[in-house]
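**Q** Handing you a structure now.
The values are calculated or read from the model by the stated rules, or taken from the named source; none is laboratory data. If you're wondering where the values come from, they're calculated on a predicted model, not measured in any experiment. Methodologically, a virtual Cβ is constructed for each residue, glycine included, from the backbone with ideal geometry; neighbour enumeration extends over all protein chains shown. In case anyone asks, the SASA skips ligands and DNA or RNA and just uses the protein heavy atoms, side chains included. Shrake-Rupley method; radii C 1.70, N 1.55, O 1.52, S 1.80 Å.
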Amino acid sequence: MKRLPGKLLTTLSLSAIAIAALVLVAHVSLARQSSSQAAKLPAAMEPVPAVTSFVEEHAHFDEKDPAGAVRSAVAALGRENAAMIVFQISPDTFEHPGRYDTEIILSEVKKHPGKLAITGGGGSLNAMIMKSVATGDAGPEVRKEFKARAEELLREGVIGFGEMTAEHFDGFTPYQAAPPDHPLFLLLADLAAEHNVPIDLHMEAVPQDMPLPADLKSPPNASRLHANIAAFERLLAHNPRAKVIWAHLGSDFTGFRTVELDRRLLLGHPNLYMEIKTDPDAHGKTYPLGFDGKIKSDWLKLFTDFPDRFVIGSDQHYPEPKDADKRWQETILLFNQLPADVRKKIGTENVAAIYGNSVASFLRAAKN
Ligand SMILES: [Zn+2]
Ligand SMILES: [Zn+2]
């Protein structure tokens, strides 16, 4: 059952990585054991921190207790060996009663410059897109309002637009879908380019129209999913200066976010970046880790072929849910297996390049 991928072992066996990886496997299996048997194991089974510093570029918070969430995230930095945590706002609709946006936690985040940062628009810009999809109105008034809200968020200090969505299954927030080349997404790309901030996009991969995967329920999800990859490419091509981070590599619930698709898109679109998320409680259908906790060889090759295009975005919630395995922990188990030069880029350098000085200046200061 716990088959070691022979090909991967052969590939790595003569390199220094192999030694590091084998040591890590021991940690991995212990930590995985601790995940599934947490209640029975002694407290000594502590989570394994990152072997080198990283930025957690995609996290969420308890909107009912912003101060507590911020305390918990700041306390987690040392435990995880994270240099910084970036909060994202869950993509939402105007109809959802729990909707909120950046303002709910902004003053608390601002108390920790260089340790915490935040994106914005998941609860407003994204809701405006969903409304526009429903009404069919993307006219001048709607666009004006959308632009004004985006600029307001930037004035308040968000470092990116997120979490936006183009295909999102029902979960913390409702089922949502929009064409990634919707006029408001194109406008957002222009605003992102103009202000040099990225867009963080949650989008299940749907290369062709398809029925909802059988393991998901409709309702609340749509019974049919509309093709979105060609439209996503139109968004990327619309303004090549707009950096788009495609969230949740490793958390693929259609089964179509393959190494091949990611590779083709990365090759074709230099403004595309990807966040790595591996959730021990909800493995995606194209999961980068094997049963033994080791990175699968084709995914490792993708990360090393495009070392400048990935960041760590585990989607961890703060405070960390007590009864759930930790997303950050599983994602860091993957991170710790990367070759050192690739790990350095994916850990901190890429985030600094994508976000510019709102992240880079703090990382530089932390080093000195
Ligand atoms: Zn998401
Ligand atoms: Zn998220």
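**Q** Need pairs with beta-carbon distance below 7 Å; first residue closer than 18 Å to A177 by Cα and within region 126-143, second open to solvent by less than 30 Å² (accessible area, probe 1.4 Å) and assigned to a helix (DSSP H, G or I); sequence gap 6+ or separate chains.
**A** Pairs that qualify, where the first residue is closer than 18 Å to A177 by Cα and the partner is open to solvent by less than 30 Å² (accessible area, probe 1.4 Å) and assigned to a helix (DSSP H, G or I), are M128/F146; M128/L184; I129/L184; I129/F185; S132/L184; A138/S132; A138/L184.
**Q** Now for a different question. Report whether or not A214 is free of Cβ contacts under 8 Å to residues at least 40 places away in the same chain and either touching a Phe, Trp or Tyr at 6+ places or on another chain (Cβ under 9 Å) or open to solvent by 10 Å² or more (accessible area, probe 1.4 Å) (or both).
**A** Judged against the criteria, A214 is a match.
**Q** Same structure, new question: Take A242 and decide whether it is more than 16 Å from ligand 1 (Cβ to nearest atom) and touching a strand residue (DSSP E or B) at 6+ places or on another chain (Cβ under 8 Å).
**A** Yes: the conditions hold for A242.
**Q** Another question, then. Looking at region 246-351, what helices (runs of 4 or more DSSP H) fall wholly within it and have at least 1 residues that are in contact (Cβ under 8 Å) with a residue 40 or more places away in the chain and under 14 Å from the mean Cα position of the chain (by Cα)? Working first, answer last.
**A** Values: elements: 259-268, 297-305, 327-335, 340-344.
Hits in region 246-351: 327-335.
**Q** Within region 155-173, which residues are surrounded by fewer than 19 Cβ atoms within 10 Å (Cβ to Cβ), of a type outside the set (D, E, K, R) and more than 13 Å from ligand 1 (Cβ to nearest atom)?
**A** Within region 155-173, just G157 meets the criteria.
**Q** Which condition from (1) within 16 Å of ligand 2 (Cβ to nearest atom); (2) buried (at least 18 other Cβ atoms within 10 Å of the Cβ); (3) under 18 Å from H168 (Cβ atoms) is the one that A282 breaks?
**A** Single failed check for A282: (2).
One line per residue, one yes/no per condition, for (1) under 24 Å from the mean Cα position of the chain (by Cα); (2) open to solvent by 30 Å² or more (accessible area, probe 1.4 Å); (3) within 16 Å of H202 (Cβ to Cβ):
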{"site": "T102", "(1), (2), (3)": "yes, no, no"}
{"site": "K110", "(1), (2), (3)": "yes, yes, no"}
{"site": "K115", "(1), (2), (3)": "yes, yes, no"}
{"site": "I118", "(1), (2), (3)": "yes, no, no"}
{"site": "L125", "(1), (2), (3)": "yes, no, yes"}
{"site": "T135", "(1), (2), (3)": "no, yes, no"}
{"site": "K144", "(1), (2), (3)": "no, yes, no"}
{"site": "A150", "(1), (2), (3)": "yes, no, no"}
{"site": "L153", "(1), (2), (3)": "yes, no, no"}
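**Q** Tell me which residues, restricted to region 233-245, are surrounded by fewer than 21 Cβ atoms within 10 Å (Cβ to Cβ), in contact (Cβ under 8 Å) with a residue 40 or more places away in the chain and under 16 Å from P179 (Cα atoms).
**A** Of everything in region 233-245, those that are surrounded by fewer than 21 Cβ atoms within 10 Å (Cβ to Cβ), in contact (Cβ under 8 Å) with a residue 40 or more places away in the chain and under 16 Å from P179 (Cα atoms) turn out to be R234, H238.
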